[in-house]
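Let me begin by presenting the structure, written as structure tokens, before commenting on it.
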Amino acid sequence: MDIQQEQRRDNPPTNPHIALERRYCAHNYAPLPVVLSRGEGIWLWDEQGRRYMDMMSAYSAVSFGHAHPQLVAALASQAQRLAVTSRAFYSDKLGLFLQRLCETVGMERALPMNSGAEAVETAIKAARKWAYTSKRVPQGRARIVVCKGNFAGRTTTIVGFSSEAQYRAGFGPFDGGFDSVPFGDADALEAAITPDTAAFLVEPIQGEGGIVVPPEGYLRRCREICTRRQVLLICDEVQTGLGRTGRLLACDHDGIRPDGLVLGKALGGGLLPVSAFLARADVMAVFTPGDHGSTFGGNPLAAAVATKALELLADGVLIDNAERMGRRLREGLRAIGHPAIREVRGRGLLIGMDLDPALIGGRAFCERLMARGILSRETHDTVVRFAPPLLIDAEQVDFALAAIRAVFSEIGEALHEH
Ligand SMILES: *Cc1c(COP(=O)(O)O)cnc(C)c1O
């Protein structure tokens, strides 16, 4: 699972592309040994032409599938017209994109960025300044409540509030200002709030934390508590948003609207990094010219592609498909009933299968799955994620289930031999 382990397994690497990456790239990932060179829809091909089903979707960034013709067309035509201007000027794409974005998700204002982490940083800045200007929190004292097991990106501020030791180790000092509570426990949120609390930042489903679904009604209670205690509820839907969980937003399962919303990943249509922080008008009003920015944020190319991505969600067909195919996949996984499966959880097409590490590790499982033409990765060692593009159909779900069942019978045989 770690890099050394992988290098022992294949050392020196026989594939020249793997060898080059290992030689020149920082070893901050430990990829599966497959070299991808083409993608279409839910399928990927390696350089030898072997086909794989993408059950990873680049951590949910490729919700619309690879090389979606309408997204590629939007990208190509805008690239030929005008791609990057900076926000020193207006463009004929940004306003239309943000109008569509705000109207789609029911928020008043949006601030465009590129990566998810940048949009989370934007949310943190907005919440703190809002606390000083609107809530009259004394300067320098604003605090933000977060959840244990959170994932919000890799900047120093963000890893500073992670509960994952490896994300933090060696990267301090951290600036503080965060209080952490167990995910799914609304009483703990209530107890953690002080007069200095600016916001509660939460993922409706913890993605990298292991596809953890909170108890029924959790977000509804958080909404009530935040409103009553004058704390901003900020939902990080970078991974769960835009149809992934079978609703436009994962918040929709609880029928609530947050005060701040963070989107990314799928917003870029699987082609570009596009993210945004959205908020109520009075919250976004804290930003004045010069307060915050990004060279590439909201560029016309990103705006054109993201607008098309939102258009593709508009009729709800893809979102309903995520709901139905997600149920089919979860039910199929549960029906396998292998002793190594501790739990199958998730909503829509954000699914985690938690394995008993005494029987099989997540990485080893993914390697066996890869040999059968399915690509995915584990999170937190034991949880195998199944998050295909939202356009997967029933036959393809059944194909994946057959491959997964085959891996489990293989493991069964391996266990018997020992
Ligand atoms: C991936 C992710 C982020 C960070 O996005 P990047 O584009 O990798 O910076 C933030 N929040 C959540 C919930 C995520 O899953």
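Across the alpha-carbon set of the stretch 69-313, the Rg to Rh ratio works out to 0.96, Rh being the Kirkwood radius. For the chain, modelled as a Gaussian network with Cα springs under 10 Å, which listed residue fluctuates most, N15, N321, N28? Fluctuation is largest for N28. Ordered by the number of other Cβ atoms lying within 10 Å of each residue's own Cβ, fewest first, V146, V181 fall into the sequence V181, V146.
Considering helices alone, the calculated mean residue ellipticity of the chain at 222 nm is -11500 deg cm²/dmol, with DSSP H runs of length four and up weighted by -39500 (n - 2.57) and normalised per residue. Residues C366, C222, C102 in ascending order of nearby Cβ atoms (within 10 Å, fewest first): C102, C366, C222.
Per-residue Cβ neighbour counts within 10 Å put V407, V159 in the sequence V159, V407, beginning with the fewest. Share of pairwise Cα-Cα distances greater than 29 Å in the chain is 47 percent (whole percent).
So if we plug the beta-carbon distance of E343 and D398 into 1/(1 + (r/R0)^6) with R0 = 25 Å, what FRET efficiency do we get, rounded to 0.05? Step by step, r from the Cβ atoms, then E = 0.70.
Taking the alpha carbon gyration tensor of the stretch 271-392, multiplying each eigenvalue by 5 and rooting it gives semi-axes of 37, 18, 15 Å, largest first. Per residue, the average separation of C-alpha pairs within less than 8 Å and at least 6 apart gives the chain a relative contact order of 21 percent.
Counting lysine pairs in the chain whose alpha carbons fall under 27 angstrom apart, excluding pairs fewer than 8 residues apart on the same chain, gives 11. Net charge in the neighbourhood of K93 (other residues with Cβ under 13 Å of its Cβ; Lys, Arg +1, Asp, Glu -1) is +3.
Mean sequence separation of contacting Cα pairs (under 8 Å, at least six apart), scaled by the length of the stretch 69-313, corresponds to a relative contact order of 32 percent.
Each DSSP beta bridge with both residues in the chain is either parallel or antiparallel, and the antiparallel ones are about 65%.
Read-outs throughout are calculated quantities, based only on the coordinates presented, and are distinct from any laboratory measurement. The model shown is predicted, which means the values in this text are computed figures rather than measured ones. Note that each Cβ is placed from the backbone with ideal geometry, even for glycine, and that neighbours are counted across all protein chains shown.
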